[in-house]
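Notes for the one structure printed next.
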Amino acid sequence: MFDHQKNPPMEPVDEVDTTLAFIDLADVKLPQGSDPLEKRHLRFRRVDVAPGGIVPYHSHENRPAILFVFQGEIVEYNSKHEQPRTHKAPSIIAEYNEIWHWWKNETSSDVIIYAADLAEPEKCTAGEC
């Protein structure tokens, strides 16, 4: 046993733990034929979008995700909203089920988004995890 394991602190000190967004996996409706959630990989990614850059049209019906816009401002074109929505740092977005959308950086500054999602197994075998 290492010295630091002999009497470790068991209560927080000057720590605040705040849940900013969550997805209740019981609410996720995966399409028929999808791999079950227990076969997924939880991944955490950084997505950089240059000025004029586009995140292409995609769905989250098979890949629930939580995004954190860390830097910049990006416009989302979403199937559930008639008008585009602008997300400015810092903001959190939860995406799952029947959302189809794409994003565009319409500013002159870089956008940085951190994304946690339950990736499909084929994404991970293709080296994207």
* **Among (1) surrounded by 14 or more Cβ atoms within 10 Å (Cβ to Cβ); (2) farther than 12 Å from Ile113 by Cβ; (3) among the hydroxyl-bearing types (Ser, Thr, Tyr) - the single one Ser79 does not satisfy** => (1)
* Looking at this structure, is Glu61 assigned to a strand (DSSP E or B), of a type in the set (Asp, Glu) and at pLDDT 90 or above? -> no
* **Residues that are more than 26 Å from Arg40 (Cα to Cα) and surrounded by 14 or more Cβ atoms within 10 Å (Cβ to Cβ), drawn from the stretch 85-98** => Arg85, His87, Ala89
* Sole residue being closer than 28 Å to Asn105 by Cα and outside any strand (DSSP E or B), chosen from Pro31, Pro12, Pro8, Pro51 -> Pro51
* For His4, state whether it is out of contact with any strand residue (DSSP E or B) (no Cβ under 7 Å at 6 or more places or on another chain) and either free of Cβ contacts under 8 Å to residues at least 60 places away in the same chain or within 20 Å of Ala119 (Cβ to Cβ) (or both). => yes
* **Hits in the stretch 1-60 (condition: surrounded by 10 or more Cβ atoms within 10 Å (Cβ to Cβ), over 15 Å from the mean Cα position of the chain (by Cα), small (Gly, Ala, Ser) and over 20 Å from Gln71 (Cα atoms))** => Ser34
* When residues of the stretch 36-60 are filtered for being more than 14 Å from Asp117 (Cβ to Cβ) and hydrophobic (A, V, I, L, M, F, W, C), how many remain? -> 3
* What about Ile112, is it in a strand (DSSP E or B), touching a Gly at 6+ places or on another chain (Cβ under 7 Å) and modelled with pLDDT of 95 or more? -> yes
* Every residue from the stretch 34-48 that is farther than 20 Å from His101 by Cβ and part of a loop (DSSP other than H, G, I, E, B) -> Asp35, Pro36, Arg40
* Which of the residues spanning the stretch 61-75 are crowded, with 16+ Cβ neighbours inside 10 Å and under 13 Å from Ala115 (Cβ atoms)? -> Arg63, Pro64, Ala65, Ile66, Leu67, Phe68, Val69, Ile74
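The values are calculated or read from the model by the stated rules, or taken from the named source; none is laboratory data. Small disclaimer: the values here were computed from a predicted structure and weren't measured. Ideal geometry is used to build each Cβ from the backbone, glycine not excepted, and the neighbour counts take in all protein chains shown.
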